[in-house]
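The values are calculated or read from the model by the stated rules, or taken from the named source; none is laboratory data. Note that the structure is predicted; figures quoted are calculated from it, not measured. FYI the Cβ positions are ideal-geometry reconstructions off the backbone, even for glycines, and counts take in every protein chain you see.
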Amino acid sequence: MSLSPATVAETRRPRVLLTIVVALLELAHLAWQWTHGGILSHHLLANPDLPSVSNGWGIVALPALTWFLAGRFLRRATSGAATRAIVTAALGAACAGIGLSLAFSLGTSDHAALVLLALLLSGIAWPTYRAEYLLGFVVGMAWTFGPILPILIGSVLALSSFLVRRVAWPAMRWTMARLTAART
């Protein structure tokens, strides 16, 4: 699908501004870590036997992710209602990411598992595979885990939502329509 030049021009400024804001927030985050004992690294799956990923990658990963995803959701922000829905989705996903981070940071792995399960199940009710959900989730978790682990977790959640909403539900509707047609 190609975009008209007007659409590209209309989305360029908010896309650049959003990317700059996220980059500045990540710079502030890394500066705070630098001045408080150094930039942290996190082991994959919280397992010390697995490789660790530095939060320093956030200065590259978060602005790049923002630029890429903003291009997706800004094209859909064609009216005030659509823009409000996108902002609401992003803020809700950010709150979910913060909730998961908080549960994990407090050492309550049972609560973290429940939040993760709730996020997985929410992909059935809402299209959490959309760009604004992923960006909100990653930004919400980045303070605690850096950007790489939230991108991985968010991608798995988005993929599961996509598969349920775009593959499983249509397949079930198609099957039900065929069964209903066969009975009549």
From Val21, Val60, residue being at pLDDT 95 or above, β-branched (Val, Ile, Thr) and closer than 21 Å to Ser155 by Cα:
Val60
Consider segment 52-63. How many of its residues are in contact (Cβ under 8 Å) with a residue 12 or more places away in the chain and assigned to a helix (DSSP H, G or I)?
8
Kindly list the number of the only condition in (1) more than 11 Å from the chain's Cα centre (by Cα); (2) farther than 26 Å from Ser41 by Cβ that fails for Ser101.
(2)
Pairing a residue in segment 99-116 that is closer than 21 Å to Val139 by Cβ with any residue that is assigned to a helix (DSSP H, G or I) and of a type outside the set (A, V, I, L, M, F, W, C), where Cβ atoms lie under 6 Å and the two sit 6 or more apart in sequence or on different chains, gives Ser101/Thr144; Ala103/His111; Ser105/Thr144; Val115/Gly99
In segment 32-51, anything part of a helix (DSSP H, G or I), surrounded by 13 or more Cβ atoms within 10 Å (Cβ to Cβ) and under 19 Å from the mean Cα position of the chain (by Cα) is listed as Leu44
In segment 165-184, the residues that are of a type in the set (D, E, K, R) and over 37 Å from the mean Cα position of the chain (by Cα):
Arg183
Of Ala112, Ala77, Ala125, Ala182, which residue is closer than 20 Å to Thr19 by Cα, at pLDDT below 95 and among the aliphatic types (A, V, I, L, M)?
Ala77
Determine which member of the set Thr66, Thr83 is free of Cβ contacts under 8 Å to residues at least 60 places away in the same chain, among the β-branched types (Val, Ile, Thr) and either at negative phi or surrounded by fewer than 15 Cβ atoms within 10 Å (Cβ to Cβ) (or both).
Thr83
Restricting to segment 74-88, name every residue that is more than 15 Å from Arg130 (Cα to Cα) and in a helix (DSSP H, G or I).
Gly80, Ala81
What do you reckon, is His29 farther than 28 Å from Ala168 by Cβ, under 19 Å from the mean Cα position of the chain (by Cα) and not in a helix (DSSP H, G or I)?
no
Residue pairs qualifying under the 7 Å Cβ cut-off, at least six apart or on distinct chains, with the first in segment 139-151 being among the aromatic types (Phe, Trp, Tyr) and the second being surrounded by fewer than 24 Cβ atoms within 10 Å (Cβ to Cβ) and not in a helix (DSSP H, G or I), are Phe145/His42
